[in-house]
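A.B. asks: Starting off with a structure, shown below.
The values are calculated or read from the model by the stated rules, or taken from the named source; none is laboratory data. Keep in mind the model is a prediction, meaning the values are calculated, not measured. Using ideal geometry, Cβ is built from the backbone for each residue, glycine included, and neighbour counts are taken over all protein chains shown. Note: areas computed on protein heavy atoms with side chains; ligands, DNA, RNA excluded. Shrake-Rupley method; radii C 1.70, N 1.55, O 1.52, S 1.80 Å.
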Amino acid sequence: MILVTGASGTVGKAVLAEVARCGVQHRAMYRSQTEAAKAPAGTETVIADFAHQASLAAALRGVESVYLVCSPVRELVRLEGNAIDACEAAGVRRIVLNSAMGAGDYGKSFPSWHRQVEDKLNATQMAHCILRPNSFTQNVVTYFAPSIRTQGAFYAAMGNARNSYVDVRDIATVAAKALQGARHDGKVYELNGPEALTYQEIAEKISRQTGTAARYVDIPAEAQRKAMLEQGMPEWQVTALLELQEYYTGGQGGSLDGMLEELLGRPPMAMDQFLKEFAAEFRGQAAKA
């Protein structure tokens, strides 16, 4: 039995779909019945919360392998720590942890929180595999498409920094393999996409592949901070995101190593392919309708 946590999230949903496609016995963990109702056909569901140990014990009953992922919240270390403790108590044999790029060498922001969870997991006797994915290709839709639809532009303080985006569906394929056997136990995989792109290059690809003109506008980091705060984002999150951005502007996060292709046994999803698939997301609301 495989338990997929975070089954309504960006990566968790993709992992669940891949595990279900593989035909193995599995269970999906949700925080509400509303979300659980969206599970793939044939998926056993359970309602649980990382903050409530009793609910975790019930979710883990009879489970051998766990895919562990948590939203990027301030409580990430405590919540995922609770889950690791619950897995130990339940006799879980294997955890596949969704960590983050930079967890091995960056002492700020989300990567540093993920490293604390990695350290806790490494101190257990459970078999485990740690995935450190780079930025998700899906983030291009989530964070860039809204302002492209309304203004034809997206904004950040990235300069000419490069980012090796990785599609969450490719991450899910690796996770599903790691959940099903011992081959990947003890491994830490840095998952980079197939190309290292600047934001200017991404804008050019969006324009070319979606038929929607898109510009990247480079702004000062303080202007970006001000804009995020004005949008209602909490200060801790703004600071964490800007610190994460510094990881990329500092020259990291643009590696191309071929590891993902080796794990997949095929080429990873490229940005052009992704943008063609989701072209409608970048067009104005009237055009989408």
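A.B. asks: Just checking, which of E18, E35 is among the acidic types (D, E), more than 19 Å from I95 (Cα to Cα) and out of contact with any Leu (no Cβ under 7 Å at 6 or more places or on another chain)? Before you say what the answer is, go through the steps one by one.
C.D. replies: Values: E18 fails: more than 19 Å from I95 (Cα to Cα).
Of E18, E35, the one residue that is among the acidic types (D, E), more than 19 Å from I95 (Cα to Cα) and out of contact with any Leu (no Cβ under 7 Å at 6 or more places or on another chain) is E35.
A.B. asks: Specify the residue that is surrounded by the most Cβ atoms within 10 Å (Cβ to Cβ); the eligible residues are those in segment 210-264 that are over 23 Å from the mean Cα position of the chain (by Cα) and part of a loop (DSSP other than H, G, I, E, B).
C.D. replies: Once the filter is applied, the top-ranked residue is A214.
A.B. asks: Just to be sure before I move on: is R61 touching an Asp or Glu at 6+ places or on another chain (Cβ under 9 Å), modelled with pLDDT of 95 or more, open to solvent by 20 Å² or more (accessible area, probe 1.4 Å) and on the phi < 0 side of the Ramachandran plot in the structure I sent? It would help to see each step written out before you state the result.
C.D. replies: On the way: touching an Asp or Glu at 6+ places or on another chain (Cβ under 9 Å): no; modelled with pLDDT of 95 or more: yes; open to solvent by 20 Å² or more (accessible area, probe 1.4 Å): yes; on the phi < 0 side of the Ramachandran plot: yes.
No.
A.B. asks: What residue, of E195, E204, E190, is within 18 Å of the chain's Cα centre (by Cα), surrounded by fewer than 19 Cβ atoms within 10 Å (Cβ to Cβ) and either farther than 30 Å from D119 by Cβ or not β-branched (V, I, T) (or both)? Give the steps one after another, and end with the answer.
C.D. replies: On the way: E204 fails: within 18 Å of the chain's Cα centre (by Cα); E190 fails: surrounded by fewer than 19 Cβ atoms within 10 Å (Cβ to Cβ).
Only one candidate qualifies: E195.
A.B. asks: Here are some conditions: (1) buried (at least 21 other Cβ atoms within 10 Å of the Cβ); (2) closer than 30 Å to E281 by Cα; (3) out of contact with any Ser or Thr (no Cβ under 8 Å at 6 or more places or on another chain); (4) not small (G, A, S). N163 meets all but one. Which one does it not meet?
C.D. replies: Every condition holds for N163 apart from (3).
A.B. asks: Consider G12 against the criteria (1) under 30 Å from V141 (Cβ atoms); (2) open to solvent by 30 Å² or more (accessible area, probe 1.4 Å): it satisfies all of them except one. Which criterion is unmet?
C.D. replies: (2)
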